[in-house]
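Asker: Pasting a structure here, questions to come.
Readers should treat all values here as calculations from the given coordinates under stated rules, not as data from a laboratory. In this text, all values refer to a predicted model and were calculated from it rather than measured experimentally. Cβ atoms come from the backbone with ideal geometry, glycine included; neighbour counts cover every protein chain shown.
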Amino acid sequence: MGVVNVTPDSFSDGGRWFDTTAAVKRGLDLVAQGADLVDVGGESTRPGATRVDAEEELRRVVPVVRGLASEGVTVSVDTMRAAVAEQAVAAGAALVNDVSGGLADPGMIPAVAAAEVPFVVMHWRGFSENMNALAVYDDVVAEVTAELRTRIDAVVAGGIAPERLVVDPGLGFAKQAEHDLALVAHLGALRALGFPLLVAASRKRFLGRVLAGDRGSAPPPARERDAATAAVSAIAAHEGAWAVRVHEVRATADAVRVARAVEGAR
Ligand code: PMM
């Protein structure tokens with residue numbers, strides 16, 4: 001899954017694709033690099049980000065979804081708003097990726113149930129403005145798994161067919177680096193929920209922390225974390241993930257190919 005953030009402020013690629021034509025071209029480039037799916041989002045969720053209003057989100061997202069879908073690209077829409085999900089699906093999106101797992105907008109679950117499209121349920125504890133304060137766990141793997149189970153039950157009770165669900169641990173969302181690493185180390189526990197698993201580590205803070213090492217050096221900027229991202233992609237593929245969500249596709253496509261070849265040699 002390649003990422004196109006149509007935002008002026010996303011933490012890792014913000015501003016670069018903040019124009020419909022450029023964003024569509026970027027999505028097509030990601031497909032050429034090996035993406036099977038392009039995730040289009042119009043609202044930054046980086047820690048501390050404030051929310052964009054619905055009109056502006058629609059204005060950013062819908063033309064890009066339409067442009068990519070009309071080129072035959074399988075598009076997912078990254079939104080917490082039911083109205084954006086609905087209009088994106090009408091414009092050709094095949095999947096709804098809601099980082100709040102249906103918690104942010106009470107209209108989301110009925111909208112996705114009616115649209116009959118797949119739905120990504122991500123582990124989420126609150127909006128980006130204050131999510132770092134929510135990064136408190138005794139056993140992050142057990143708690144994230146249990147909270148996802150609760151969301152899955154709610155989503156299914158709300159009418160979305162279980163066979164349409166994808167689950168995601170929500171790396172970096174109300175999580176510190178050690179929490180993200182523990183989740184990547186225990187992807188099997190998330191797989192055991194019994195749904196396709198999406199892993200979105202791309203360029204995130206925990207990779208910056210790993211690359212900075214423990215000698216107090218500054219983390220490399222987000223755009224210099226793609227090799228580290230590909231390493232997580234290989235691990236995720238090895239652990240049976242359904243998809244990995246990344247900003248730069250080429251290295252991850254290679255990593256996934258290598259992981260598959262190694263599996264095939266077993
Ligand atoms: N992370 C971001 C945005 N959308 N969607 C899913 N399903 N999972 C994630 O972890 C996720 C997401 C934030 O990253 P970005 O601003 O670099 O796109």
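Asker: Just want the answer: with Cβ charges of +1 for Lys and Arg and -1 for Asp and Glu, which residue in 115, 80, 33 is farthest toward the dipole's positive end in the range 2-264?
Answerer: Highest projection toward the positive end goes to 33.
Asker: Assuming R0 = 30 Å, what is the FRET efficiency of residue 116 and residue 147, from their Cβ-Cβ distance, to the nearest 0.05? Numbers along the way, then the final one.
Answerer: Numbers: r = 26 Å, r/R0 = 0.86.
The value I calculate is 0.70.
Asker: Within the range 172-214, find all residues whose amide N lies under 18 Å from a label point positioned 7 Å from the Cα of residue 94 along Cα-to-beta-carbon.
Answerer: 196-199
Asker: Work out how much length residue 261 to residue 134 would gain on full extension: take 0.36 nm times their residue separation and subtract the Cα-Cα distance, in nm to one decimal. Intermediate results must be reported in sequence, preceding the final value.
Answerer: On the way: separation 127, 0.36 × 127 = 45.72 nm, distance 3.94 nm.
Contour length minus the Cα-Cα distance gives 41.8 nm.
Asker: Also, quick follow-up: With a ≥ b ≥ c taken as the square roots of the eigenvalues of the C-alpha gyration tensor of the range 150-266, please select rounded if a/c is under 1.5 and otherwise prolate if a/b is larger than b/c or oblate if it is not? Don't jump to the answer; show the numbers that get you there.
Answerer: Details: a/c = 2.16, a/b = 1.38, b/c = 1.56.
Since a/c reaches 1.5 but b/c is at least a/b, the shape of the range 150-266 is classed as oblate.
Asker: Can you figure out the FRET efficiency of residue 238 with residue 192, using R₀ = 25 Å and their beta-carbon distance, to the nearest 0.05?
Answerer: Efficiency computed from Cβ-Cβ geometry: 0.95.
Asker: So for the range 47-173, considering every pair of alpha-carbon atoms, how many percent are separated by more than 27 Å?
Answerer: 19
Asker: Would you calculate the convex hull of the Cα atoms in the chain and tell me its volume per residue in Å³? Intermediate results must be reported in sequence, preceding the final value.
Answerer: Numbers: hull volume 32.6 nm³, N = 266.
Here the figure is 123 Å³ per residue.
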